[in-house]
Structure formats: structure tokens, C-alpha cells
Ligand code: AMP
Ligand code: FES
Ligand code: ZN
């Protein structure tokens, strides 16, 4: 198999793009394709200050690397979730710090245990909510809050096509209309205090971001979150990969089809969810007090 661009030995065959590429051509292709995605969805403008949420994993570190290569002004945010199992949160922090040093950019670290009084594993017991739901709420809260406090104009996450289509499938199977309305590679800012959110890797598969990370010698945390073992999202990813194997490009068609047709079948649903500011912390919420502050209050009552 030869590289379509230069004729060297190819390292990858991108079936859905009908393109085989060598190592030397893959990296620039990947960077260019990210820029095309950014432009297509008007994700980032020159002059934006981009806060990149990094987990220490391959996708978010690769994203920070590419945005940096493209010349955007970036800084990173790592949220320490207090997950001790095999040192998961500590190792992830260390990989994120190491990468920030490599590219010479600032990394902001938030420690959930210090801020809330309990880490994610304890919050699971205290709130009796599924761990990924408390974790997701906490991460979203801090991502937005730090972006507000530090004057970022855009918040970027490393979600890839596999993340997006598995979430989409889960949301459709359960008809989670509220989540479907919100699912998008770009969410605009809201004046109540929500920052613009973008997912510039939404068209890359997990394998493609992994290949970029490896070819760029980026040291990332390989361990998965211990709470993700057996998660439905992982099962869904596997099913979607089986579909992709039979019909190359199906994941992309599923995703694009949803984005293009979303307004047709969701058109009667309120476009804008009413938001106000949390009476305690000021962050946007649909209730008087936001879920994060309610969780914090619960921790206080249990710990005291
Ligand atoms: P996940 O929800 O774990 O699939 O991660 C999706 C994206 O959220 C990652 O690509 C990161 O951009 C961001 N993210 C996940 N975990 C963290 C974390 N602990 N700190 C900061 N950003 C994170
Ligand atoms: Fe949040 Fe695993 S990263 S529960
Ligand atoms: Zn609040």
C-alpha cells in the first residue's frame, strides 16, 4: 500500500476517505483536516483565547498539540477528580503537566477534593447518583467556570467521532430529547454565562487520534477511567465499529445525517432552554440553585 500523496510506504488506510498515507503525510493531513473542521463549524477565530480541557488522554493532548501547531492562543485545564485507583488522577495530571511543559503553555489545575470536600468516588456515595453523571456535571461546571474566570472565549474538548456517535446512539435509543438538542460539535456562548464550546476532533475516529499521538511522540495516560469498565458507551462504540467494518463511512454518515437533519425532527422543541444565574455561585442553571452547588451543600451536610 502506497501513500496517495508521495508514493512512500503508507502507514494507514483511511477507508472512509479512500486515502492511504505515510507517516510524513499523515501528520500534516491530520492538522489540515482539523483546521477544515474548525472552519466548517466556525469553531474558533483568530484572536480567540482557547481553553483546552485536557484529561491526560490521547485525544485532548493531541488536540492541544494541533491547536498549538495551527497557531491558536491556548491554555489548558486539568480537573483532578480524586480517583485514586492505580493513581489514575495523579498519573493523568502528571502527563498533562509534562505536555504543557513540552509546548511551553500554561496549565490550570482544579482539585475537586479540595474545592468540594470530596472526590468523585465519594461524591458517588454521597449523591447516590451514577458516578459518570456526577463526574460529567462536575467537569462541565469547572470547564465553564474556569473559562469565565480566566477570560477564555472558547472552550475546546477532545471528543472524537467515536465519542460523538456512541453518545448519539445512546441518546436516540433512549430518546433523550434534551440531550439530543444539546449534542453538537459547536455550542454558542450564552449571555447568562455559558462559554462557547467546540469539539474540533468530532470527525476523527479514535484510531486516527491515536495514530497522530503516537507519530508525534506524545506521552499520554493509557489507562482508562476505572469507572468506565463495562460502560454502555464502550459497548455502543464496539457495535458502531462493527457497523463501520461492514460499511466504511457509516459512523460519519450517521453523525452528519443527524447534524443536517436535527432541526427537521427537533423543530417543535424549544430551541433555547431558559437559563438563569445560580443564586449561590452565579453560574448558569435552570433552577434557583445549580446542581453543582446542591452537591457541594450535600457534601457539607454529610461531612460535618
Ligand atoms: P470524556 O468525557 O472522558 O470522554 O472526555 C471528553 C473530553 O473532556 C476530553 O477529550 C477532554 O477534553 C475533557 N476532559 C475529560 N476529563 C477531563 C479532566 N479530568 N480535566 C479536564 N478535561 C477533561
Ligand atoms: Fe469521570 Fe470516569 S472520568 S467517572
Ligand atoms: Zn451554583
Open item on the list: Looking at residue 11 and the list (1) in contact with a helix residue (DSSP H, G or I) (Cβ under 6 Å, 6 or more places away or on another chain); (2) modelled with pLDDT of 95 or more; (3) more than 19 Å from residue 161 (Cα to Cα), which single condition is not satisfied?
Closed with: (2)
Task: Those residues of the stretch 71-86 which are out of contact with any strand residue (DSSP E or B) (no Cβ under 6 Å at 6 or more places or on another chain), under 15 Å from residue 57 (Cβ atoms) and modelled with pLDDT of 95 or more, in sequence order - done: 81, 83
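Looking only at the stretch 96-122, how many residues end up being within 16 Å of ligand 3 (Cβ to nearest atom) and either over 17 Å from residue 137 (Cα atoms) or in contact with a strand residue (DSSP E or B) (Cβ under 8 Å, 6 or more places away or on another chain) (or both)? Break it down into steps so the answer makes sense when it comes.
Residues of the stretch 96-122 within 16 Å of ligand 3 (Cβ to nearest atom): 110, 112, 115-117.
Within this subset, residues satisfying the condition of being either over 17 Å from residue 137 (Cα atoms) or in contact with a strand residue (DSSP E or B) (Cβ under 8 Å, 6 or more places away or on another chain) (or both) are 110, 112.
Residues in the stretch 96-122 being within 16 Å of ligand 3 (Cβ to nearest atom) and either over 17 Å from residue 137 (Cα atoms) or in contact with a strand residue (DSSP E or B) (Cβ under 8 Å, 6 or more places away or on another chain) (or both): 2 in total.
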- [ ] Restrict the check to the stretch 164-185 and report whether at least one residue is touching a strand residue (DSSP E or B) at 6+ places or on another chain (Cβ under 8 Å) and crowded, with 17+ Cβ neighbours inside 10 Å.
- [x] yes
Task: Tally of residues being touching a residue at least 40 places away in the same chain (Cβ under 8 Å), surrounded by 20 or more Cβ atoms within 10 Å (Cβ to Cβ) and farther than 17 Å from residue 64 by Cα across the stretch 15-52 - done: 1
Task: Candidate set from the stretch 127-173 (those that are in a loop (DSSP other than H, G, I, E, B) and free of Cβ contacts under 8 Å to residues at least 12 places away in the same chain); member that is farthest from ligand 2 (Cβ to nearest atom) - done: 128
Task: Residue count, the stretch 224-236 (criterion: within 15 Å of residue 55 (Cα to Cα), in contact (Cβ under 8 Å) with a residue 40 or more places away in the chain and either away from ligand 1 (no atom under 12 Å from the Cβ) or surrounded by fewer than 16 Cβ atoms within 10 Å (Cβ to Cβ) (or both)) - done: 2
Open item on the list: Let me spell it out: the conditions are (1) free of Cβ contacts under 8 Å to residues at least 40 places away in the same chain; (2) more than 19 Å from residue 195 (Cα to Cα), and residue 78 meets all of them except one. Which number is the exception?
Closed with: (2)
Task: Every residue from the stretch 194-219 that is closer than 18 Å to residue 98 by Cβ and either crowded, with 23+ Cβ neighbours inside 10 Å or within 16 Å of ligand 3 (Cβ to nearest atom) (or both) - done: 212
Open item on the list: Looking at residue 97 and the list (1) crowded, with 16+ Cβ neighbours inside 10 Å; (2) more than 16 Å from ligand 1 (Cβ to nearest atom); (3) free of Cβ contacts under 8 Å to residues at least 24 places away in the same chain, which single condition is not satisfied?
Closed with: (2)
Task: Conditions (1) under 25 Å from residue 185 (Cβ atoms); (2) not in a loop (DSSP other than H, G, I, E, B); number of the one not met by residue 94 - done: (1)
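Kindly provide the set of residues from the stretch 40-70 that are in a loop (DSSP other than H, G, I, E, B), under 27 Å from residue 260 (Cα atoms) and in contact with a helix residue (DSSP H, G or I) (Cβ under 8 Å, 6 or more places away or on another chain), ordered by number. Even if it seems obvious, please write down each step before you answer.
Step one: filter the stretch 40-70 for residues in a loop (DSSP other than H, G, I, E, B), giving 41-48, 54-57, 70.
When the remaining residues are screened for being under 27 Å from residue 260 (Cα atoms), the result is 41-46, 48.
Listed by number, the residues that qualify are 43, 44.
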- [ ] Determine which single condition residue 1 fails, assuming it passes every other condition in (1) in contact (Cβ under 8 Å) with a residue 12 or more places away in the chain; (2) within 26 Å of residue 95 (Cα to Cα).
- [x] (2)
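The values are calculated or read from the model by the stated rules, or taken from the named source; none is laboratory data. All values reported here derive from a predicted model rather than from experimental measurement. We place every Cβ from the backbone using ideal geometry, glycine too, and count neighbours over all the protein chains shown.
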